[in-house]
Amino acid sequence: MKQLWDYLKVSCKIELENQLVFRSNFFVSILSVVIRVAMLLALWSALYQGKTQVDGISLATMKCYTVVSIVFELFIACNVEQSVTGKVKDGSISMMLTRPASYPVTLFIEQLANTFQAVVVWVIPYLLVILLCGFARGVQLYLGPWFWASALGAYLLMFFYQLFFGMIAFWTQEISGFLQARDAVMLVFSGSMVPLWFFPEKLFALAQYLPFQAMYSVPLSILIGKITGPDIRSALLVQLGWLLGFWLLSQLCWRKSRRRMIVNGG
Amino acid sequence: MNPILSAEHLTKRFTVVVGRKGLAGAVGNLFAPTKREIMAVNDISFSVEEGEIVGFLGPNGAGKSTTIKMLTGILTPTSGSAEAAGLVPYQRPRENARNIGVVFGQRSRLWWNLPVQDSFEYTKALYQIPEGVFRENLSYFSENFGVSEIMTKPVRTLSLGQKMRTEIAMAMLHNPRILYLDEPTIGLDVVGKNELHQLIRRINADRWVTILLLTHDVLDIERLCRRVMIIDKGSMIWHGGIEELKRAKGMEKHYHVLYESPCDPIQEPFIQVVQAEGQRHHYLCTEDVPMEVILPRILAVGKVVDFTVNDPPLDQVMRRIYTE
């Protein structure tokens, strides 16, 4: 435990430093998020065409959802899958496997460190901007325990989901084509770009069975009060189900892959 | 004494998909891949004593890397077994990792954009190196190998030589008993190579660390190892001392003789006369003929003023072994 705690501390420090090495790069990436927020806000204003409500959602709520979802995306961002597939492809995975810590555990620590960096550098500044610019004005936000539980669930789900696909790379060596297709589906069905409640009924029903909505839509909908009461419990159960599923799958893949792995390169 | 590193009939087979040629073949591969078994490592046995530096050689694709991956616990052998510092590496890879240091010349463990000290601290946390041991090792490497002046420099600004020294220092921070060096001198210039050779010899002597050195560079072997293992196509083709290797495999010996006055060259079936102009004679013997047979013949044809015997250079020996 002490090893993991020390490891987490030093990883957080390194991730943060790494992010701040190149100043111009840092400022440009801040700018890019600002531009994205501004574009999406303009888009929703245009789509509402002066109406105050569409499908029972006010423009103010919609704008709030947009801004919060971008911040949430920064919080939940995970590059475990990319990190593993890249290392398998160029063979540097062998260096990760000669460490005195289990590889999946190492990856989780790295992910925590990454999130620490994201929260300090991105999430906190943006939350301040949201409050200062009044994006949350006139919107009733729910910040109770159910929201935090769903955010934590989404975070863990995202990690094990990516870990699972990363582990598949041990078998297949190359799955980037498949992953691109999957990400396109994810962009639509996670509700991070367009809220799921605007979907046609059948697509909405389909989205409920996919894991993607449990990563973005569930916590965000709870936050802005779109899901309430007993619906929260069932949404969290679905999320928990996916979480356990991907946890099991990733563990299984990891055990198996250690035995049949081929390492690239000399 | 028990060996610190050993392998018994170590074997690794892989199943690979055989790529077929052309578009039709590529499409065919998608649906009905042709599989083939390849024998990457075939029945290798050896042992290494504590404190030795052993060279591990072989042409590209000979199975060196696969062997090392089994010894370091990354891959599980198909059959046979290995033991490193009292552990079976692939059964307990994490415990094994504490006993070994691994340096790959072509891959870095350092954080590219950050000062060297950050990478060291990272290693300290990961390996749970006690503060005292960490400080001691840090001062050892600072004093001996000039690591102190580069501690605050970002890794990307280091020269290749500095980087390799730093990599080795980092791999030694947790006091491993076995150090695996995979092409540590790759890309270094003469000075850099020389410095690295000194460093490796020094840590071997001071720390009593056992070193397995994978390399293509014959100079590394000549400077550092007393014993080599050579594998090709997955099998061990030579295992023993370098001098014995030269004797057994490099039978080409050159004799340069300076006689007091011009004389006729030796006439023997086992000696080739490369040059015999006046007093200077150059003979070549490609068979394993003992010195006591050749020497009298050389002395018989004239009065000798100067005489040198050249052993075959190691790279020539290697070339011969690889092409045999």
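General remarks:
- Filter result for B:L126 (surrounded by 15 or more Cβ atoms within 10 Å (Cβ to Cβ), among the hydrophobic types (A, V, I, L, M, F, W, C), within 12 Å of chain A (Cβ to nearest Cβ) and not in a helix (DSSP H, G or I)): no
- Residue among B:R98, B:R109, B:R94 that is touching a residue at least 40 places away in the same chain (Cβ under 8 Å), within 8 Å of chain A (Cβ to nearest Cβ) and either more than 23 Å from the chain's Cα centre (by Cα) or not in a helix (DSSP H, G or I) (or both): B:R109
- Top-ranked residue of region B:69-91 - restricted to ones that are open to solvent by 10 Å² or more (accessible area, probe 1.4 Å) and among the β-branched types (V, I, T), ranked as farthest from the other protein chains (Cβ to nearest Cβ): B:V88
- Residue count for region B:1-58, restricted to those that are loosely packed, with under 14 Cβ neighbours inside 10 Å and touching a Pro at 6+ places or on another chain (Cβ under 6 Å): 1
- Test: residue in region B:221-229 that is at pLDDT below 85, open to solvent by 30 Å² or more (accessible area, probe 1.4 Å) and outside any helix (DSSP H, G or I): no
- Matching entry among A:L41, A:L31 (being away from chain B (no Cβ under 11 Å) and within 26 Å of A:I222 (Cα to Cα)): A:L41
- For A:E73: the one exception among (1) closer than 24 Å to A:G191 by Cβ; (2) in a helix (DSSP H, G or I); (3) of a type in the set (D, E, K, R); (4) open to solvent by 50 Å² or more (accessible area, probe 1.4 Å): (4)
- Residue in region A:103-110 that is under 23 Å from B:M70 (Cβ atoms), open to solvent by less than 10 Å² (accessible area, probe 1.4 Å) and either modelled with pLDDT under 90 or of a type outside the set (A, V, I, L, M) (or both) present: yes
- Residue match in region B:129-138 (condition: facing chain A (nearest Cβ under 9 Å) and open to solvent by less than 10 Å² (accessible area, probe 1.4 Å)): no
- Filtering region B:200-219 to residues that are in contact with a helix residue (DSSP H, G or I) (Cβ under 6 Å, 6 or more places away or on another chain) and either free of Cβ contacts under 8 Å to residues at least 40 places away in the same chain or surrounded by fewer than 20 Cβ atoms within 10 Å (Cβ to Cβ) (or both) leaves only B:V218.
- Residue satisfying all of: in region A:77-96; surrounded by 18 or more Cβ atoms within 10 Å (Cβ to Cβ) and among the charged types (D, E, K, R); nearest to the other protein chains (Cβ to nearest Cβ) among these: A:K87
- Of the residues B:E268, B:E260, B:E292, B:E287, the single one that is free of Cβ contacts under 8 Å to residues at least 12 places away in the same chain and out of contact with any Leu (no Cβ under 8 Å at 6 or more places or on another chain) is B:E292.
- Test: B:E268 is in a loop (DSSP other than H, G, I, E, B) and at pLDDT below 85: yes
- Matching entry among A:V37, A:V21, A:V28, A:V33 (being in a loop (DSSP other than H, G, I, E, B) and either at pLDDT below 85 or farther than 22 Å from B:Q117 by Cβ (or both)): A:V21
- Selection within region B:139-157 - in a loop (DSSP other than H, G, I, E, B), away from every other protein chain (no Cβ under 14 Å) and open to solvent by 20 Å² or more (accessible area, probe 1.4 Å): B:G146, B:M151
The values are calculated or read from the model by the stated rules, or taken from the named source; none is laboratory data. Nothing here was measured: the structure is a model prediction, and the numbers come from that model. With ideal geometry, Cβ positions are generated from the backbone for all residues, glycine too; neighbour counts draw on all protein chains shown. In case anyone asks, the SASA skips ligands and DNA or RNA and just uses the protein heavy atoms, side chains included. Shrake-Rupley method; radii C 1.70, N 1.55, O 1.52, S 1.80 Å.
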